[in-house]
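Remarks on the structure that follows.
The values are calculated or read from the model by the stated rules, or taken from the named source; none is laboratory data. As the structure is a prediction and not an experimental result, all values here were calculated from the model. Here the Cβ is made from the backbone with ideal geometry for all residues, glycine too, and neighbour counts use every protein chain on show. With ligands, DNA and RNA removed, areas are computed over all heavy atoms of the protein, side chains included. Shrake-Rupley method; radii C 1.70, N 1.55, O 1.52, S 1.80 Å.
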Amino acid sequence: MTVQCGCCGAEITSTDRIDYRLNRPEPLIGVPNEQLGAPTGGLLVGPDGDSYLRCLLPVALTGGTELVFGAWMQISKVDAMYAHAVWDNDSEYANFRVSGTFANVILPWDLFGAPVEAAVLNADELPYYTSHPVLEREWDRDEVLSCIRHPLPIPVRETLGEVWTIERTEGMRCVIEDRTVCFSSPGRWVGIDVYNDRAQRTPSDFLAAVIDGYPSEDHSVEHIGNELRHAFWLSEVIDGNEEQVFHGHVVRPGTMLSVRIVHRFPADRTWAQHVLNSVQYIG
């Protein structure tokens with residue numbers, strides 16, 4: 001399937017490097033465009049004259065993936081004037097170096113305001129951060145990428161309720177509606193809920209209470225130790241369209257993950273089953 005960049009909408013064909021652009025520094029989020037100055041493609045000036053430079057922050061992730069943030073550094077007005085002066089002069093730009101403070105909030109880290117440095121490593125690119133708290137080590141891929149709710153070009157394992165994980169398929173956006181975690185892409189939708197059983201029923205009794213009232217035909221049930229996996233298909237009309245709906249449940253003593261998967265094309269039945277199969281209990 002085609003995966004589009006969550007920042008610019010461009011089609012993504014490589015998954016070894018993920019570029020993720022942060023549109024503004026934190027202090028300028030919500031400021032009207034007409035109050036901002038943009039003397040170059042990498043500089044942004046706020047209404048009070050505060051200056052910011054966008055630099056590239058490469059984060060090494062497990063599995064061989066590199067996540068490169070286009071993230072902002074607050075710099076002095078003097079450095080901003082110098083950056084503007086050398087920006088289009090290749091020979092002078094190649095020697096450009098700057099220091100300042102990190103001006104974005106990036107989860108899962110607490111980095112806003114951290115002292116940072118950057119330098120030009122390639123005259124055809126923005127400066128790269130050369131001193132930053134996330135450099136010089138490798139980070140867990142799922143922990144970092146699950147914090148990005150935009151579609152990504154690789155699957156990401158999401159943690160729910162602290163005891164369950166499930167795979168978010170490549171190309172799917174993640175949002176939370178009430179307490180339901182939702183993944184979506186064109187023609188596909190996944191809704192996930194986690195339930196706790198305070199009555200401490202057996203997994204079979206807990207499941208029976210949850211699915212009471214659903215059609216009883218064509219259910220699949222699998223017992224693996226103290227885990228119960230259950231699924232069934234329905235055809236439903238949603239917003240005037242007939243959709244295939246896959247209901248799946250994974251039950252452990254005291255807890256259940258329930259997933260509802262909607263897709264338009266019958267060929268996606270294998271994908272829906274894969275999503276349910278990806279559920280893991282980590283409690």
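Filter the range 176-185 down to the residues that are crowded, with 16+ Cβ neighbours inside 10 Å and either hydrophobic (A, V, I, L, M, F, W, C) or under 14 Å from HIS274 (Cβ atoms) (or both) and list them by number.
So the first thing to find is which residues in the range 176-185 are crowded, with 16+ Cβ neighbours inside 10 Å, and the list is 181-185.
Once the filter is applied, which keeps residues that are crowded, with 16+ Cβ neighbours inside 10 Å and either hydrophobic (A, V, I, L, M, F, W, C) or under 14 Å from HIS274 (Cβ atoms) (or both), the range 176-185 yields VAL181, CYS182, PHE183.
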Next on the checklist: Looking at (1) more than 26 Å from THR159 (Cβ to Cβ); (2) within 29 Å of the chain's Cα centre (by Cα); (3) among the charged types (D, E, K, R), which one does ASP218 not meet, given that it meets all the others?
Outcome noted: (2)
Checklist entry - Of the residues ARG188, ARG173, which is touching a residue at least 12 places away in the same chain (Cβ under 8 Å) and open to solvent by less than 60 Å² (accessible area, probe 1.4 Å)? => result ARG188
Checklist entry - If we keep just the residues of the range 245-277 that are of a type in the set (Lys, Arg) and at pLDDT 95 or above, which is most open to solvent (accessible area, probe 1.4 Å)? => result ARG260
Item to check | In the range 213-244, the residues that are open to solvent by less than 70 Å² (accessible area, probe 1.4 Å), at pLDDT 80 or above and in a loop (DSSP other than H, G, I, E, B) | outcome: HIS219
Checklist entry - How many residues does the range 247-260 hold that are in contact with a Lys or Arg (Cβ under 8 Å, 6 or more places away or on another chain) and in contact (Cβ under 8 Å) with a residue 60 or more places away in the chain? => result 1
Checklist entry - Just checking, how many residues over the range 99-124 are open to solvent by 60 Å² or more (accessible area, probe 1.4 Å) and more than 28 Å from THR165 (Cα to Cα)? => result 7
Checklist outcome for this item: Taking first residues from the range 261-279 that are more than 15 Å from LEU234 (Cα to Cα) and second residues anywhere that are open to solvent by 10 Å² or more (accessible area, probe 1.4 Å) and of a type outside the set (S, T, N, Q), the pairs with Cβ under 6 Å that are 6 or more apart or on different chains are SER278/GLU167
Checklist entry - When only residues in the range 201-212 that are charged (D, E, K, R) and surrounded by 11 or more Cβ atoms within 10 Å (Cβ to Cβ) count, which is farthest from ILE282 (Cα to Cα)? => result ASP205
Next on the checklist: Tell me whether the range 26-36 contains one or more residues that are within 26 Å of TRP139 (Cα to Cα), modelled with pLDDT of 95 or more and part of a helix (DSSP H, G or I).
Outcome noted: yes
Item to check | Residue list for the range 224-269, restricted to those being more than 20 Å from ARG201 (Cβ to Cβ) and of a type in the set (Ser, Thr, Tyr) | outcome: SER235
Checklist entry - Among the residues of the range 76-94, which ones are surrounded by fewer than 11 Cβ atoms within 10 Å (Cβ to Cβ) and modelled with pLDDT of 95 or more? => result VAL78
Item to check | Residues of the range 2-25 that turn out to be out of contact with any Pro (no Cβ under 6 Å at 6 or more places or on another chain), at pLDDT below 90 and surrounded by 12 or more Cβ atoms within 10 Å (Cβ to Cβ), as a count | outcome: 3
